[in-house]
Amino acid sequence: MDMDTRWLQDFVCLGRTLNFSRAAEERNITQPAFSRRIKSLENWLGVPLVVRSIYPVRLSDAGVQFLPVAQETINRLSDARQDIRGIYFGGTAFQRIAVLHTISLNYLTTRLQELDDELPDLRVRVFSDFLASCCQLFTDGTCDFLLCYRHNNGAPFFDEDVIARKDIGHENFCPVAEANAAAANGWDLSGPREQGIPYLSYDPSSYLGTIVDQIIGNREPPLELAYMDAHAESLKRMVISGKGVAWLSERVVAEELADGRLVRVGGPEWQTTLTLTLFCASDRLDKAGQLFWDAM
């Protein structure tokens, strides 16, 4: 059996938390999958690393001995990667950023253009995906940074004793609709309503979908599901075409709100604040990565 370096990262996380559930959350995989990977590492070594018969679990003597080896191996691999990337790219390696689709389109590309003068040698590779995939790319070391939305009611993404966090902006997240359609059909979540309002929904498994669920809570607004998509940009197109109401970041629809094509269709009680957040493991950054982090 070949050893998977992810098993080392899993074990280091478990050695720090001594809790399978919490470690699985930090590694962004299910607990059964996490447990299987720890078991695979134990099978590869040929010895048990964890004493599972007590609660909370603890490392076995072999686990205590192996933990610094696993951490050092991860560090050495990361250092070697940075050195090789630096040599290959003439001393300036790519900074790899995992980012949500909508943030990449509506924030990151513009921000990188603004940094051209300040960081002329900056080289960036962007991995644009859904939150779960972005978190995995970040935690397994494929990406150096994670740029995403964070909501105050949500659980912490990472152990911030290990992962650095920088909040770089705030965006209002509100229900919007095409102005003429809203006026003609009386689409207003804050007003009296007898007929249903066509609802353009995020996929319920998406991060923004969970935030909308929190906003709605136990209330029963007159929303009738008409369309579902995981991408905010797709929902925006449907909203602009007058198909219904969707929750969108005001950054995403700033131009359309400003020129009157779109309007908000709910008061403050139907809105919330999203925090634009950048994460990194600061002790693993090269010089260019540190400059990027400081500039952001």
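The values are calculated or read from the model by the stated rules, or taken from the named source; none is laboratory data. A quick note: this is a predicted structure, and the numbers were derived from the prediction, not measured. Every residue, glycine as well, gets a Cβ built from its backbone with ideal geometry; the counts of neighbours run over all protein chains shown. Quick note on the areas: whole protein, heavy atoms, side chains included, nothing else; ligands and nucleic acids left out. Shrake-Rupley method; radii C 1.70, N 1.55, O 1.52, S 1.80 Å.
Once the piece of chain linking residue 273 and residue 165 is laid out straight, how much longer is it, given 0.36 nm per residue of separation minus the C-alpha distance between them?
Numbers: separation 108, 0.36 × 108 = 38.88 nm, distance 1.76 nm.
This chain segment gains 37.1 nm when fully extended.
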(request) Would you mind calculating the relative contact order of the chain from Cα pairs under 8 angstrom and at least 6 residues apart, reporting the percent as a whole number? (result) 21 percent
(request) Scan the range 139-190 for GluC sites (Glu not before Pro) in coil per DSSP, keeping those whose Cβ has at most 12 other Cβ atoms within 10 Å, and list them by number. (result) 160
(request) Could you tell me how many degrees, from 0 to 90 and to the nearest 10, lie between the Cα long axis of helix 5-17 and the main elongation axis, the longest principal axis, of the Cα atoms of the chain? (result) 80 degrees
(request) Could you tell me what percent of the accessible area of the chain is made up of carbon and sulfur, with a 1.4 Å probe and every protein chain present? (result) 50 percent
(message) Residues of the range 95-117 with the amide nitrogen closer than 16 Å to a label point 7 Å from the Cα of residue 81, along Cα-to-Cβ, please.
(response) 95-99
(request) Report, as a whole number in µm² per second, the diffusion coefficient that Stokes-Einstein gives for the range 95-239 at 10 °C and 1.306 mPa s using the Kirkwood radius over alpha carbon pairs. (result) 90 µm²/s
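Counting DSSP beta bridges in the range 1-135, what percent are antiparallel, to the nearest 5?
Numbers: 2 of 9 bridges.
Given both bridge residues lie in the range 1-135, the antiparallel proportion sits at roughly 20 percent.
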(message) As an exercise, identify the trypsin sites (Lys or Arg not before Pro) in the range 213-296 lying in DSSP coil whose Cβ has no more than 12 other Cβ atoms within 10 Å.
(response) 219
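Would you compute, from DSSP H runs of 4+ residues alone, the mean residue ellipticity of the chain at 222 nm, taking -39500 (n - 2.57) per run and dividing by the full residue count, rounded to the nearest 500? Mind dumping the intermediate values first?
On the way: 11 runs with 118 residues, N = 296.
It lands at -12000 deg cm²/dmol.
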(request) Describe numerically, in nm with one decimal, the distance between label points set 7 Å from Cα along Cα→Cβ at residue 64 and at residue 261. (result) 6.5 nm
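Under 4 °C and 1.567 mPa s, how fast does the chain diffuse according to Stokes-Einstein, given a Kirkwood radius computed over C-alpha pairs? Answer in µm²/s, whole number.
Numbers: Rh = 21.6 Å.
This corresponds to a translational diffusion coefficient of 60 µm²/s.
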(message) With every protein chain left in place and a probe of 1.4 Å, what is the accessible surface of residue 208, to the nearest 10 Å²?
(response) 20 Å²
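Per residue, how much accessible surface does the chain expose to a 1.4 Å probe? Answer in Å², no decimals.
On the way: 14840 Å² over 296 residues.
Here the per-residue accessible area is 50 Å².
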(message) For a test of the definition: using alpha carbon positions, the gyration tensor, and the 1.5 limit on a/c, classify the range 190-260 as rounded, prolate or oblate.
(response) oblate
